[in-house]
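Working notes, structure below.
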Amino acid sequence: MSIKIPAGLTDLLQSFTVEVLRKQPADLVEFAVQYFSKLQASQKLPFGNEKSGSGAFRATKAVNFADEPMQTDSENGGEDDEDEEFEAPVINRFSRRVSVCAEAFNPDEEEEDTEPRVVHPKTDEQRRRLQDACQDILLFKNLDQEQMFQLLDAMFEMHVKIDEHVIDQGDDGDNFYVIERGKYDIFVKLDGLQRCVGAYDNRGSFGELALMYNTPRAATIIATSNGALWGLDRATFRRIILKNNARKRRLYEEFVKSLPLLKSLELGERMKVVDVFGTKTYKDEEQIIAQGEKADCFYIVESGEVRITMKHKAKPDANGGVEIARCSRGQYFGELALVANQPRAASAYAVGIVKCLVMDVQAFERLLGPCMDIMKRNIANYEEQLVDLFGTNMDLSDSAV
Ligand code: CMP
Ligand code: CMP
């Protein structure tokens, strides 16, 4: 006799089991009652899974998202504020939101978080690729292990075709994206004109702004090659990243207020700087920047000291380069290559243990435009520094080795 397994049963039980393992509830039955009651409530929402036809837990269906056909907004139903109360454990990446107002989440509240988790099952090989792609994502840098596990569980793989619009400016934000591979252009519409303001080349992430600030998408992202992305749904992003950002703001508010570089920014703009940076810690003598390499980050020293060294045509024998500067708490480095769109002009090494705030080039360009005057004045000083160290009439291009 063959027994038919109802559609969705496996995923339903899997999601429930994951929650039990995570939460380790003392009273399993009580936990189950709460879990399934919430789930049932979510299914009764006007646009909920009642429409799905199967009657069986469609929103939790584990699918191969790379192959799943596009689901339209109308299939997915309308918007209802209550959908923020409960998110079914696995959601479809194509269930794009219609509106993003009135979200219930308050990152400052330290209340116990009982939301069931979004889980997209993955093979070991997928998980390895995902971990590699997420390794350098600055927004993930300050998360604890449990938060990181939840993010990785919730992320889903997407294959992207050349010319595909991953994001369109003006849309509501549904997902955050981490690049596994592929190239993507960034377009921003200014005065009715689309301008390409940058590009991602096989690394990085995008799509955080609309989710963090409840705003329409600020740019259009178009694939210029076939590629692969890892998506993270809005609810999980907000639950974890917003909470972490609130903590970062508390920790770094005084520090960023004290930075001379940021003095032309309003407080709100400084807080946006805090939102997007990640912190990185370096061991004594560890290389932070390598002269001649392509640049994609900007650094502010939070603690410790950084030694800047340069190999220069005028001193070819100086092994490892000549020390040209030191940066300590509150000072920045790594701006020159981003401003000049050139390879790194010098190397940077940790002296003792060093902690830096790190910002990617896209955030640097978007947020630090008003600080450019200060940076340019300092860059003008670099030339003098080099003249003092290496002789007369040296310019930065002489540093290329
Ligand atoms: P979001 O507004 O959610 O969607 C578009 C994304 O493009 C945005 O988040 C950023 O992650 C990314 N982006 C990169 N460069 C820019 C830029 N100059 N202005 C706005 N968004 C940008
Ligand atoms: P960047 O070229 O991106 O990476 C190396 C960094 O060293 C550079 O940016 C500057 O921030 C910093 N630096 C400090 N002094 C100098 C100097 N005299 N010339 C060039 N870079 C310098």
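Averaging 1/r over every pair of different alpha carbons in the range 234-344 and inverting the result gives a Kirkwood radius of 16.2 Å.
Evaluating 6.51 cos²θ - 1.76 cosθ + 1.60 at θ = phi - 60° for every residue in the range 180-196, the Karplus couplings come out as 8, 7, x, 10, 9, 8, 10, 10, 10, 8, 10, 6, x, 10, 7, 10, 7 Hz, glycine and proline recorded as x.
Taking a straight line from the alpha carbon of LYS248, these lysines sit under 19 Å away, with near neighbours fewer than eight places off in the same chain left out: LYS141, LYS257, LYS272, LYS280, LYS355. Pop the C-beta distance of ARG127 and GLU285 into the FRET formula with R0 = 30 Å and round what comes out to the nearest 0.05. Efficiency, from the Cβ-Cβ distance: 0.35. Under 5 Å from the amide H of VAL197 lie the amide H atoms of ILE186, PHE187, VAL188, each residue being 5 or more positions distant or on a separate chain, with H modelled from the backbone and absent for Pro and chain starts.
In plain terms, the residue of VAL29, VAL188, VAL354, VAL361 with the fewest other Cβ atoms within 10 Å comes first and the most crowded comes last, giving VAL29, VAL188, VAL361, VAL354.
Bear in mind these aren't lab numbers, they're just calculated from the coordinates by the rules spelled out. Just so it is clear, the structure is predicted and the values come from calculations on it, not from any experiment. A quick note on method: Cβ atoms are made from the backbone with ideal geometry, for glycine too, and the neighbour counts reach across all protein chains shown.
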